[in-house]
1. Filter the range 159-182 down to the residues that are more than 12 Å from LEU252 (Cβ to Cβ) and under 20 Å from the mean Cα position of the chain (by Cα), then identify the one that is surrounded by the most Cβ atoms within 10 Å (Cβ to Cβ).
2. If you take the residues of the range 220-242 that are of a type in the set (Val, Ile, Thr) and closer than 18 Å to ARG193 by Cα, which of them is surrounded by the fewest Cβ atoms within 10 Å (Cβ to Cβ)?
3. Which residues, taken from the range 216-235, are under 24 Å from GLU275 (Cβ atoms) and either at pLDDT 90 or above or of a type in the set (Phe, Trp, Tyr) (or both)?
4. Criterion first (aromatic (Phe, Trp, Tyr), surrounded by 12 or more Cβ atoms within 10 Å (Cβ to Cβ) and over 21 Å from PRO70 (Cβ atoms)) does PHE154 satisfy it?
5. With farther than 24 Å from LEU151 by Cα and either touching a residue at least 40 places away in the same chain (Cβ under 8 Å) or not hydrophobic (A, V, I, L, M, F, W, C) (or both) as the only criterion, which of THR178, THR223, THR249 stands out?
6. Can you tell me which residue in the range 289-326 is modelled with the highest pLDDT, limited to those that are in contact with a helix residue (DSSP H, G or I) (Cβ under 7 Å, 6 or more places away or on another chain) and more than 28 Å from LEU201 (Cβ to Cβ)?
7. Name the residues in the range 226-245 that are in contact with a strand residue (DSSP E or B) (Cβ under 9 Å, 6 or more places away or on another chain), within 18 Å of GLY77 (Cβ to Cβ) and free of Cβ contacts under 8 Å to residues at least 40 places away in the same chain, would you?
8. Does GLU132 qualify as being surrounded by fewer than 14 Cβ atoms within 10 Å (Cβ to Cβ), modelled with pLDDT under 90 and either of a type outside the set (Gly, Ala, Ser) or under 29 Å from LYS273 (Cβ atoms) (or both)?
Amino acid sequence: MPLLAPRRLLASSPSPSPSAVPLVRTLTTSPSAHKAAAHLFDVAGATTYPPSHPTSPSHSHAPHGSPAHPLRLVMFGKPGSGKGTLSTLLTSHYALPPISTGDSLRRQIALRTPLGQRAEALVASGTFLPDETMLDVVQSELDPLRGSWLLDGFPRTVPQARMLDAYLASRAPPAPLTLVVHLDVPDAVILERIRDRWVHLPSGRVYNLAYNPPLHPGVDDLTGEELTKRPDDTPEVFARRLEVFGRETAPLMSYYADGEGKRKGEARVVSLKGETSDEIWPLLEREVRGFDLPLRTGQGEGQEGRRVDEEVIRMAEKEEGAEGVSVSALR
């Protein structure tokens, strides 16, 4: 069975200097506007909040590549909104260390560290990890880092965001967030994605009948084995997960945009609207290009239709599908 052809992504347009970008914006794409993405960058600003620290270093005219302007990024969105896919695209294009709380926790447990043993005891009892333990996991990963990073899976609630802000402010020197990204994908689109999603369970390869179908209906491209649905890939399960997101995680946008997070931090807060990761990717890439973020080898600037290995997308979508699973599943 032949390997899948790589997916083509829209190239992003040149980025303005950080000081020229409003602190909070909403950028939008739609399927009909796919070819006009560069134009949308200029006209799609919908909401602007004045910077809380307009003269701070994170909003200075630091040149691209300047060590004074690291990317410290938190990205959040509804389950199924494409966080895993977009995070993988970022870390495959740029030298950006990804921090996954789930992966870190599994590693701590496997290494039998004191933190891992404490977490394992909670996991064994089926208890969700307290915020303090999750912060310890995050801190163990961030402590050695002095430059850019992408934090995945934390914070998920406003109390966790407060704890993260306090920790970052306590570092010497302080290292506050510099970019907060909200992925705004309509519920109807997410539910449609779930209905169209099929998996090859032995490998974890993920297919979507709408935009990433198998070469032959109902079977895996590489093995020819039957595709199935995940037990939790139902509209009912995802509707409940979306309800939890609205109650616990959606308030993060208000926290960072016009609440405590804005008063305490210096981050730009951006809401990116779209229906697929291919639509949102050029908007996200434009946001990060003003930071000190070297390209990985072979990822030249301005490539028309950058190619990304399909397996990278599928690995990301596999992780995306596991989001929201009880911590007991970490075992």
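The values are calculated or read from the model by the stated rules, or taken from the named source; none is laboratory data. Since this is a predicted model, take the numbers as computed values, not measurements. Note that each Cβ is placed from the backbone with ideal geometry, even for glycine, and that neighbours are counted across all protein chains shown.
1. My answer is THR178.
2. Taking the candidates together, the pick is THR228.
3. Of the range 216-235, the ones under 24 Å from GLU275 (Cβ atoms) are 217, 227, 229-230, 232-235.
PRO217, LEU227, LYS229 - these are the residues of the range 216-235 that are under 24 Å from GLU275 (Cβ atoms) and either at pLDDT 90 or above or of a type in the set (Phe, Trp, Tyr) (or both).
4. Working: aromatic (Phe, Trp, Tyr): yes; surrounded by 12 or more Cβ atoms within 10 Å (Cβ to Cβ): yes; over 21 Å from PRO70 (Cβ atoms): no.
So PHE154 does not fit the description; no.
5. Step by step, each of THR178, THR223, THR249 is checked, and only THR223 is farther than 24 Å from LEU151 by Cα and either touching a residue at least 40 places away in the same chain (Cβ under 8 Å) or not hydrophobic (A, V, I, L, M, F, W, C) (or both).
6. LEU295
7. Answer for the range 226-245, where residues must be in contact with a strand residue (DSSP E or B) (Cβ under 9 Å, 6 or more places away or on another chain), within 18 Å of GLY77 (Cβ to Cβ) and free of Cβ contacts under 8 Å to residues at least 40 places away in the same chain: there is none.
8. Numbers: surrounded by fewer than 14 Cβ atoms within 10 Å (Cβ to Cβ): yes; modelled with pLDDT under 90: no; either of a type outside the set (Gly, Ala, Ser) or under 29 Å from LYS273 (Cβ atoms) (or both): yes.
For GLU132, the condition - surrounded by fewer than 14 Cβ atoms within 10 Å (Cβ to Cβ), modelled with pLDDT under 90 and either of a type outside the set (Gly, Ala, Ser) or under 29 Å from LYS273 (Cβ atoms) (or both) - is not met.
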